[in-house]
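A.B. asks: Once you've had a glance at the structure underneath, I'll fire off some questions.
The values are calculated or read from the model by the stated rules, or taken from the named source; none is laboratory data. These figures come from a predicted structure and were not determined experimentally. Note that we place each Cβ from the backbone using ideal geometry, even for glycine, and neighbour counts take in every protein chain shown.
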Amino acid sequence: MIGENGMVKQLEVEDNILELKDGELKARGTGHKRTLDVDTVIISIGDKVDTSFGLPSNSNEFYKSPSPRYPIEGLSYEAFDPNTSTLIPDVFVGGWARQASVGLVGVARKDGTNASKAVWQYLQTLQPTNSNLEAVAMKMKSLKKPIVTKADILKLEAVEAAEAQKRGLEEFKFATNDEMLKAMGLTS
């Protein structure tokens with residue numbers, strides 16, 4: 001991205017070609033670059049699901065149940081183990097976590113919203129329990145990735161608002177996850 005006075009003016013892009021690699025089509029840069037005049041850039045990341053997450057995956061998506069209990073618009077959001085041909089209990093996936101790099105940003109958002117509808121239907125089948133919230137908090141803190149809470153989001157919004165004011169902008173958003181995590185105090 002090429003900017004001027006805090007505003008994006010141009011975007012440098014590289015032409016790509018598709019190659020078949022390991023049975024998958026992959027984009028490969030050609031080295032030919034050009035510059036486009038722009039006033040807005042929407043960054044969307046994630047062309048592959050995180051296979052280290054622990055769910056069975058195939059290419060750029062997690063396996064979903066072929067016979068979902070809670071389908072939304074005919075789609076499954078329930079995680080599935082193809083080795084045992086069974087649902088992974090209580091695990092749902094949505095948006096680009098369900099199938100990475102498909103369609104437009106708005107499509108991923110709709111998919112995430114629909115996933116939440118599937119989860120809501122599932123939750124309606126459960127009986128309330130007296131959860132040990134301290135145990136849940138301890139478990140979350142033991143995970144190897146930062147956990148973002150509502151309080152963290154509020155802190156991020158305040159830092160971004162202050163940065164926007166400092167720069168004389170109507171709005172400011174950090175460009176990377178690392179910058180956001182650092183602003184929330186979750187990484188150094």
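A.B. asks: Take Leu11 and tell me if it is at pLDDT 90 or above and surrounded by 11 or more Cβ atoms within 10 Å (Cβ to Cβ).
C.D. replies: no
A.B. asks: Could you tell me whether Val102 is β-branched (Val, Ile, Thr), modelled with pLDDT under 95, out of contact with any helix residue (DSSP H, G or I) (no Cβ under 8 Å at 6 or more places or on another chain) and surrounded by 11 or more Cβ atoms within 10 Å (Cβ to Cβ)?
C.D. replies: no
A.B. asks: May I pose another question? Quick one: in region 20-34, of everything that is more than 25 Å from the chain's Cα centre (by Cα) and farther than 16 Å from Asn60 by Cα, which residue is surrounded by the fewest Cβ atoms within 10 Å (Cβ to Cβ)?
C.D. replies: Gly31
A.B. asks: Now a separate question. Keeping to region 154-188, report how many residues are without any contact (Cβ under 8 Å) to a residue 24 or more places away in the chain and not polar (S, T, N, Q).
C.D. replies: So the count comes out to 17.
A.B. asks: Further question on the same structure: Which of the residues spanning region 139-188 are among the small types (Gly, Ala, Ser), surrounded by fewer than 14 Cβ atoms within 10 Å (Cβ to Cβ) and not in a loop (DSSP other than H, G, I, E, B)?
C.D. replies: Ser142, Ala151, Ala158, Ala161, Ala162
A.B. asks: Out of all the residues in region 107-138, which are in a loop (DSSP other than H, G, I, E, B) and exposed (fewer than 10 other Cβ atoms within 10 Å of the Cβ)?
C.D. replies: Result: Gln124, Thr125, Leu126, Gln127, Pro128, Thr129, Asn130, Ser131.
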